[in-house]
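The values are calculated or read from the model by the stated rules, or taken from the named source; none is laboratory data. Note that the structure is predicted; figures quoted are calculated from it, not measured. For neighbour counting, all protein chains shown are included, and Cβ atoms are generated from backbone atoms with ideal geometry for every residue, glycine included.
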Amino acid sequence: MDEPALIREAQHGSLEAFNSLVLAYQGNLYNTALRILGDEDLAADATQEAFISAFRALRSYRGGSFKAWLLRTVTNACYDELRRRKRRPSTPLEPEDELGEEMESPRWLQDPSASPEDQLDQAELEHAIQHCLESLPTDFKAVVVLADLQGLDYNEVAQAVHVPLGTIKSRLARARLRLRDCLKAFGELLPAAFRLERERGA
Amino acid sequence: MNRQITFRDWQNLSAHLDGQLSPSARKLLTSRLSTEPQLAEALEELSQVRALLRRTPVAPTPRNFTLAREEHRVKPPVSPLVPALSWASAVAMLLFIGTFGTNLLGKFSFGAAAPMMSAAPAEVMGGEPAAEAMMATEAPVSDATSIEVTATPEVMLMTLPEATIVAEEARNMPLPPDLKEPGRGFPPDWFNPWLAFWLGLALILIITSLLVRWLSVFFFRRRPPPQ
């Protein structure tokens, strides 16, 4: 069944239709929350909250990109979580392996089909990107995650974070500049395939 | 030509990467890129950052986030009838309160006029004005004091002036309904048929709204699970 029909059915109270949409978009929402919050448990909670809010508020959806509308709910859920975290600061727990040692890269990121070298490269890259994303202000982080990781266009990002198009352009440029500086600082730590051209040439 | 790269340049380069520049701005930037190697290098760096971000591994979801019907927090989408009914009941309740308040104010103004009403009947019933009546009663009394008479009831009645008798009779007669003493009898003076109407309407709307909400939850929960 096509997406508009599923949305219409869900708007009339069909939970089955809504769950089909959940299955289609849960990856996008979860990954967005994970990049903004940097914690898989909090990201899972924010994703669940976002889908519940989306179902309740489904009648307010008036067309446009449904993906952007859903990503807006998860971004709001992440902002709520970050506000909560600010009120009650806590030390985030790194994932641990069977021996209780902290893992640099969570197991779920490992692609079993990739070679060990590729897996390591991916893990290093993920670590570097997550570290650099963490250093960004929340507003910049949300914009860069939606535009560069989720592939939304500027209008969709503006719809998702509810700010004017000009602000999106400005925030995205600032976020990319900061990420460039941060990733440069990683330098040799990044796998050769992912080093910035200038670093490789230097 | 080497020029300092401003933030506006970075912003244009970033928008250029995403194809978000206007045709005129794109043309201008393209011409600058061909003459300013520093700007071209900046564009290349931004492009690499963007490419790197797009290669970020996608994390598989730890579980499915589908919603269960039994989940307490999952409520069905509210029928548009419910907010409409709620607003209508709120308006009806406000009208009820307004009517009640107006009637209550009316009651208090009647209450303030009550002492004067006791003097009014003589005039209302067609007798002489009060001042004349007073004069009429006072003058013969002063005459009467000079004559010594045994004060039997019959004699007293005979000696009373006509205006006093009329006033006495008027006091004993029932008042017309619109001059009844406030707060007595049923329905009370402050009662108004509109009061009953607005209160009844508000209650009906509230009950209907609750019923519609309950029915939508009921049918939502009873819907069979997907095959």
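Here are the numbers:
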item	result
Selection from segment B:192-213 of residues that are over 18 Å from the mean Cα position of the chain (by Cα) and over 30 Å from A:G13 (Cβ atoms)	B:N192, B:P193
Residue within segment A:43-63 that is farther than 19 Å from A:A160 by Cβ and of a type in the set (A, V, I, L, M) present	yes
Residue within segment A:43-60 that is polar (S, T, N, Q), over 22 Å from the mean Cα position of the chain (by Cα) and not in a helix (DSSP H, G or I) present	no
Helices (runs of 4 or more DSSP H) contained entirely in segment A:127-187, each with at least 2 residues that are at pLDDT below 90 and within 9 Å of another protein chain (Cβ to nearest Cβ)	A:165-186
Conditions (1) buried (at least 16 other Cβ atoms within 10 Å of the Cβ); (2) within 9 Å of chain A (Cβ to nearest Cβ); (3) closer than 26 Å to A:H127 by Cα; number of the one not met by B:E44	(1)
Subset of segment A:17-41 (residues that are more than 8 Å from every other protein chain (Cβ to nearest Cβ) and over 12 Å from the mean Cα position of the chain (by Cα))	A:A17, A:S20, A:L21, A:A24, A:Y25, A:D41
Neighbours by Cβ (under 8 Å, 6+ apart or cross-chain): first from segment A:43-55, within 14 Å of A:E81 (Cα to Cα) and facing another protein chain (nearest Cβ under 7 Å); second assigned to a helix (DSSP H, G or I) and of a type outside the set (A, V, I, L, M)	A:A44/A:Y30; A:T47/A:Q26; A:T47/A:Y30
All positions within segment A:19-42 that are out of contact with any helix residue (DSSP H, G or I) (no Cβ under 6 Å at 6 or more places or on another chain) and assigned to a loop (DSSP other than H, G, I, E, B)	A:D39
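Yes/no matrix, rows are residues, columns are (1) hydroxyl-bearing (S, T, Y); (2) surrounded by fewer than 20 Cβ atoms within 10 Å (Cβ to Cβ):
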{"residue": "A:L6", "(1), (2)": "no, yes"}
{"residue": "A:A10", "(1), (2)": "no, no"}
{"residue": "A:F18", "(1), (2)": "no, no"}
{"residue": "A:L23", "(1), (2)": "no, yes"}
{"residue": "A:T32", "(1), (2)": "yes, no"}
{"residue": "A:D39", "(1), (2)": "no, yes"}
{"residue": "A:A46", "(1), (2)": "no, no"}
